[in-house]
Each structure stands twice: as C-alpha cells, then as structure tokens.
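Just below is one structure, and these are the notes that go with it.
Here, each number is a calculation from the coordinates, and none is a lab measurement. Keep in mind that this is a model prediction, so the values were computed, not measured. Using ideal geometry, Cβ is built from the backbone for each residue, glycine included, and neighbour counts are taken over all protein chains shown.
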Amino acid sequence: MDNITSTFKEKKLKLTPQRIAVYKYLCSTKEHPSAETIYKALHPDYPTMSLATIYKALKTLVEVNLVQEINVGEGNFRYDGNAIPHPHIQCLSCGKVDDIEGIFFNHLNETIKDYTDYDVLSNKIYFYGICHNCKRKEK
Ligand SMILES: [Zn+2]
Ligand SMILES: [Zn+2]
C-alpha cells in the first residue's frame, strides 16, 4: 500500500478509491486475473465501478510500473500485482497462470545482444504445460 501512495504522489496522479481497490486486489491474489475477473471480484464492494473504470485503473497502474501486464497468448491481458519480472507458466488444460519462483532470466537480455543490434531492455518468459490438478484429473 505504501508503494501506491508514494508512486502516485511522485507522478502527481490522483489516488482514487478505484485505483486503490484494483491495486489492493491484485496484491492479494496470485491468480493473475483478467480485467473481467477483477471486475466481478470487486463488484460486491464497489457496485458502481464499471469495467471501463477497471481498465482505466489498470492502464494507469501498468504505466507507473506497479502492475505487470501479462499476455500468455489469449485474446485478453492478465494482470499481476508483482511488477518485478518473473517467469510465468500457463496450464493448457484449465488456463490458469502461475508464477515460477526462484529463477530469473534477466541475464538473457545480455546473452541476446550477440544476436541483435537492438538495445535490449526487457524480456518476458512464458512456459506452457499441464498443472498439477489437471494432471490428477486425467488419471
Ligand atoms: Zn490446469
Ligand atoms: Zn506473476
């Protein structure tokens, strides 16, 4: 929470209750929800908050680097309250997205420089597989 207060102050952005609610929700979950999922989750507490407002809040939070936008190849984005780059894995059966912890690929930005004349700034790594639950169901 201190994060969002100081970042918004620094960028001179208005800290609206909607933006706080979206950020709080994202920090409270590891599910990497879509905007629609966030909308449904917040609706009981914020019945007047529209999906468009959620999208706007997410856009701002991504712009100030508090939230990470993830695109695992679906039609829509998912969001992550952990803005530090980390690899993700998606289950091809149920569609859930998990963090992979304890391994980082930042060194690839350096490695890749031998293969491109770009100034490499970042990378996003996604893995795909079958999650534990789906594996159990198949048996
Ligand atoms: Zn699964
Ligand atoms: Zn994540």
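Things to note:
- Cα coordinate range in the chain, projected on the principal axes (Å, largest first): 46, 45, 26
- Relative contact order of region 78-126, defined on C-alpha pairs under 8 angstrom at six or more residues apart (%): 36
- Residue-wise HN-Hα coupling along region 85-94, computed from phi with Karplus coefficients 6.51, -1.76, 1.60 (Hz; x: Gly, Pro): x, 8, x, 10, 10, 10, 7, 6, 8, 9
- Distance (nanometres) between label positions extended 7 Å along Cα→Cβ at ALA83 and LYS11: 0.6
- 30 Å Cα-Cα threshold exceeded, pairs from LYS59/LYS124; LYS9/LYS96; LYS96/LYS139; LYS14/LYS96: LYS9/LYS96; LYS14/LYS96
- Nearest-0.05 FRET efficiency for LYS30 and LYS139, computed from C-beta distance (R0 22 Å): 0.30
- Extension gain, VAL62-ASN123: 0.36 nm per intervening residue step, less the Cα-Cα distance, totals 20.4 nm.
- Helices meeting the span-like rule in the chain (full DSSP H runs, Cα extent of at least 27 Å along the helix axis, mean Kyte-Doolittle score of 1.0 or higher) are absent.
- Ranked for footprinting exposure by Cβ neighbours inside 10 Å, fewest first, HIS88, HIS107 give HIS107, HIS88.
- Summary of the geometry: region 88-122 and region 39-65, compared by the centres of their Cα atoms, lie 27 Å apart.
- Relative contact order (%) - the chain, alpha-carbon pairs under 8 angstrom, separation at least six: 20
- The helix-only estimate of mean residue ellipticity at 222 nm for the chain, built from DSSP H runs of length n ≥ 4 each weighted as -39500 (n - 2.57), is -11000 deg cm²/dmol after division by the residue total.
- Cα-centred dipole magnitude for the chain, charges only on beta-carbon of K, R (+1) and D, E (-1), debye, nearest 20: 580
- Amide H partners (placed H, <5 Å) of VAL67, local residues excluded: VAL62
- Neighbour-count ranking [beta-carbon atoms within 10 angstrom, fewest first] of PHE105, PHE127: PHE127, PHE105
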